[in-house]
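The values are calculated or read from the model by the stated rules, or taken from the named source; none is laboratory data. Everything numeric in this text was worked out from a predicted model, so none of it was measured. When we count neighbours, we look across all protein chains shown, and the Cβ atoms used for this are built from the backbone with ideal geometry, even at glycine.
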Amino acid sequence: MEELRPLDDIGEEDLVISMGPQHPSTHGVLRLVLKTRGEVVLQVTPHVGYLHRALEKIAERVNYAQFMPYTDRLDYVAAMNCNLAYARAVEKLLGVEVPPRADFIRVIMAELNRIASHLIFFATYGLDLGSLTPFFYGFREREGILDLFEMASGMRLTYNYIKIGGVWKDLPPGFVDKAYEFLDYFLPRLDEYDRILTDNKIFIGRTAGIGILPADMAIEYGVTGPNLRGAGVAWDIRKDEPYCGYDQFDFEVPVGKGEMGKLGDCWDRYVVRMQEMRESCRLIRQALDRLPDGPTMGRVARVMRPKAGEVYVRSENPRGELGFFLISNGSAKPYRLKIRTGSFTALSVLPEIAKGWMVADVCAIFGSLDVISPEVDR
Amino acid sequence: MLTLIKEIIYPPVSGFLPESLLLIVIMFALAGLVFAFILLAVLFFTWMERKVSAHIQSRLGPMYTGGWHGWMQPLADGIKLLTKEDIVPAGADRALFILAPFLVLGSAFAVYVALPLGGRLFLADLNIGIYYILAISSLGAVGIIMAGWASNNKWSLLGAMRSAAQIVSYEVPVALCILTVVVIASSLSLREIVEAQAGGIYRWFIFRNPFTFLAFGIYFLGSLAEVNRNPFDMSEAESELVAGFHTEYSGIRFSLFFLAEYANMLAVSLIAAILFLGGWYGPLVDSEIPGALVLILKALFLVFVQMWLRFTLPRLRVDQLMHVCWKVFVPLAFLSLIGASVLELV
């Protein structure tokens, strides 16, 4: 059988199982071929491509501004962050200045969406480990964020709100008050999450010491974002290469400490995300407090024709570093666009860290990497 | 049971049919009664589980079907399941695939024959009652293995393997805990075990001494594993094994597994109430509440706790489950057995 080839020497006692593309724990359409002996997984081979939409090729056929809605579909649970990453790449190519108010709005939106994305992680991770209730809690709180986004952009999933040069429209009246309201409501909920999942003995038993990703391996594979920070490396582009004025804000970069098991285990990756939600709340509050007045759109031509050249711009997305490599040949369309996503690199490390664990652990490890299929396949 | 038939049911209806035939008819009627009881209980539990889970998860659950809080939802579900297409996969072992759900349901059903609901409300007061129950309920594991094997599906097979290992291991601590009660009551008959707990809440075996309290805890957790409920629902862990041993089942055959699971939930709760919580005796010495109602309320509370746990806790891993069973529950169950026996002797 063709599909079994990547698995080396299948013994008589071994069982080859195809986990996915339709499996409750593969979060979308992803396929993992497992070679197991009893419950122990000897080899994991991810198969990608079920969601391939040729986004990079599409980018070569549309104008710079027209590609923005496609970035919404890149990581649809963090569409604002994807918008922002692409907008920054084109802005750098064009040399556009973004007004300060737009920068603050971008920070608010990006951090709100980071919380929404981590909430989905929290919700589905509970489900992966057999806890059914966190799912509803996570989605309940996410509604509040989606309501805010709906106020600002009219959309609830694919916003297309952050534009090249600024944001689509200024914040609607009442947005700031509602955002404060949300923060006041949300922070106590985070303590509730800790009670139902984080501090649960069974949950710790299922995640601590499981699927250890050491820092050097994470760096070798190019793993970024919360997965890298879970391995104890304090690398955050918001801190190390500040953009959108992130350097004006006071926030911590949470890293894994191996409190429950070993450094870089599933629990560390999980708890880094939980702490990041708290930090995002701090960031949003600061940005709302100091929101300046002024225009929300820089000076951008209707049809953008950047000078020939190339840029690589990366942003800190909920799922790691999202980088856009753009080559312009002076026309209105990109000559080439390469998208570097955090999910893809996170998935590439899975065979390495899931080897030798049990079937149930593969779900725990895969869930803790927080991979999303449309970002893997593009 | 024969005495019950001969003394109460037989006299008024004798003469209509030959005696041997009449006996069979009465037997079937009684079996139908038990089945109706289980069916009603399961219908109620599916509704209750939806409501409990909904309120834990800040939802409402079914609200429309039938008017008052969706009380007819289980009936609607039942009709839906009955009218669904009955699929037997092409690669399946047809005979085993068809037989398995009946075996699982049969074992769940047979347990009720020996369960007394009150001092005078029982079908069969077997002098080996509790061992009959232990034996017959293990038969369900065979059905689950059959289902997993016959489905010819790798997920089903993994689920069945887990289930077999789990049920067989958890029989041991559960049996030891039951033995603790048997030692104190010095009887295997469920009726006599309850009679030994008469006379107020402090006479219940759970409060008899610290060892029986421990035994109750182990019995309750072990029975969760036996009926495949969260946090021990490895055999049907949907996030790992899709749906475990019943992945390939649909329609009525799936609903038979479902029926058996809920019937088992009630059965282990009833057994726990009978063995440890004073059976049909209320907490006060002389109360006017009917015994069967008291017993069912106690069992309902335990079923509620099962649902509560299911929607609060994550799932254990299969090796952690075995660890808990053999290295924690079995030694503790031995401790409670020996401790309770010594206290009884002294």
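Specify the residue that is nearest to the other protein chains (Cβ to nearest Cβ); the eligible residues are those in region A:3-59 that are under 30 Å from A:Ser331 (Cα atoms) and either out of contact with any Lys or Arg (no Cβ under 6 Å at 6 or more places or on another chain) or modelled with pLDDT under 85 (or both). Among those residues, the one meeting the criterion is A:Leu51. A:Arg114 meets all of the listed conditions (1) surrounded by fewer than 19 Cβ atoms within 10 Å (Cβ to Cβ); (2) of a type in the set (Lys, Arg); (3) modelled with pLDDT of 90 or more but one, namely (1). Does A:Phe122 count as within 14 Å of chain B (Cβ to nearest Cβ), in contact (Cβ under 8 Å) with a residue 24 or more places away in the chain, out of contact with any strand residue (DSSP E or B) (no Cβ under 6 Å at 6 or more places or on another chain) and buried (at least 21 other Cβ atoms within 10 Å of the Cβ)? It is true that A:Phe122 is within 14 Å of chain B (Cβ to nearest Cβ), in contact (Cβ under 8 Å) with a residue 24 or more places away in the chain, out of contact with any strand residue (DSSP E or B) (no Cβ under 6 Å at 6 or more places or on another chain) and buried (at least 21 other Cβ atoms within 10 Å of the Cβ). Residue selection: B:Leu103 satisfies the criterion of being away from every other protein chain (no Cβ under 14 Å) and either closer than 29 Å to A:Gly38 by Cβ or not basic (Lys, Arg) (or both).
None of B:Leu316, B:Leu335, B:Leu321, B:Leu284 is within 14 Å of another protein chain (Cβ to nearest Cβ), surrounded by fewer than 23 Cβ atoms within 10 Å (Cβ to Cβ) and touching a residue at least 40 places away in the same chain (Cβ under 8 Å) except B:Leu321.
Out of B:Glu195, B:Glu261, one residue alone is in contact (Cβ under 8 Å) with a residue 12 or more places away in the chain and over 23 Å from B:Gly339 (Cα atoms). It is B:Glu261. Going residue by residue through region B:265-276, is there one that turns out to be within 18 Å of the chain's Cα centre (by Cα) and in a loop (DSSP other than H, G, I, E, B)? Yes, region B:265-276 has at least one match.
Annotation note: Cβ proximity below 8 Å between a residue of region A:9-27 that is of a type in the set (Val, Ile, Thr) and a residue that is modelled with pLDDT under 75 (sequence gap 6+ or interchain) occurs for A:Ile10/A:Leu4; A:Val16/A:Leu4; A:Val16/A:Leu7; A:Val16/A:Ile10; A:Thr26/A:Gly20.
Residue count for region A:262-278 satisfying the condition of being buried (at least 18 other Cβ atoms within 10 Å of the Cβ) and outside any helix (DSSP H, G or I): 2.
Confirm whether A:Tyr64 is among the hydroxyl-bearing types (Ser, Thr, Tyr), surrounded by fewer than 21 Cβ atoms within 10 Å (Cβ to Cβ) and at negative phi. Judged against the criteria, A:Tyr64 is not a match. Within region B:77-129, the set of residues being free of Cβ contacts under 8 Å to residues at least 40 places away in the same chain, exposed (fewer than 15 other Cβ atoms within 10 Å of the Cβ) and either assigned to a loop (DSSP other than H, G, I, E, B) or in contact with a Gly (Cβ under 7 Å, 6 or more places away or on another chain) (or both) comprises B:Ala90, B:Arg120.
Of all the numbered requirements in (1) over 30 Å from A:Phe203 (Cα atoms); (2) touching a strand residue (DSSP E or B) at 6+ places or on another chain (Cβ under 8 Å), B:Arg317 misses one, and that requirement is (1). Note down all Cβ pairs under 6 Å where the first residue falls in region B:46-74 and is within 14 Å of chain A (Cβ to nearest Cβ), the second is surrounded by 15 or more Cβ atoms within 10 Å (Cβ to Cβ) and among the aromatic types (Phe, Trp, Tyr), and they're at least six residues apart or on different chains. If the second residue must be surrounded by 15 or more Cβ atoms within 10 Å (Cβ to Cβ) and among the aromatic types (Phe, Trp, Tyr), the pairs left are B:Ser53/B:Phe311; B:Ile56/B:Phe311; B:Gln57/A:Phe136. Restricted to helices (runs of 4 or more DSSP H) entirely inside region A:69-175, those with at least 3 residues that are out of contact with any helix residue (DSSP H, G or I) (no Cβ under 9 Å at 6 or more places or on another chain) are A:79-94, A:100-128. Here region B:288-311 is the region considered, the condition is being crowded, with 18+ Cβ neighbours inside 10 Å and either under 30 Å from A:Val41 (Cβ atoms) or charged (D, E, K, R) (or both), and the residue that is farthest from the other protein chains (Cβ to nearest Cβ) is B:Lys298. At least 3 residues being without any contact (Cβ under 8 Å) to a residue 40 or more places away in the chain is the threshold, and among the helices (runs of 4 or more DSSP H) wholly inside region A:211-261 those reaching it are A:215-221. Residues in region A:279-299 that are more than 26 Å from the chain's Cα centre (by Cα) and crowded, with 19+ Cβ neighbours inside 10 Å: 0 in all. Does A:Tyr185 meet the test of being surrounded by fewer than 18 Cβ atoms within 10 Å (Cβ to Cβ), assigned to a helix (DSSP H, G or I), at pLDDT 90 or above and within 14 Å of chain B (Cβ to nearest Cβ)? Yes.
For (1) within 14 Å of another protein chain (Cβ to nearest Cβ); (2) within 30 Å of A:Met297 (Cα to Cα), each residue gets a yes or a no:
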| position | (1), (2) |
| --- | --- |
| A:Gly165 | no, yes |
| A:Trp168 | no, yes |
| A:Pro173 | no, yes |
| A:Lys178 | no, yes |
| A:Tyr193 | yes, no |
| A:Leu213 | no, no |
| A:Asp216 | no, no |
| A:Val223 | no, no |
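For region B:143-249, the helices (runs of 4 or more DSSP H) that sit wholly inside it and include 1 or more residues that are within 14 Å of chain A (Cβ to nearest Cβ) are B:154-185, B:210-226, B:238-241.
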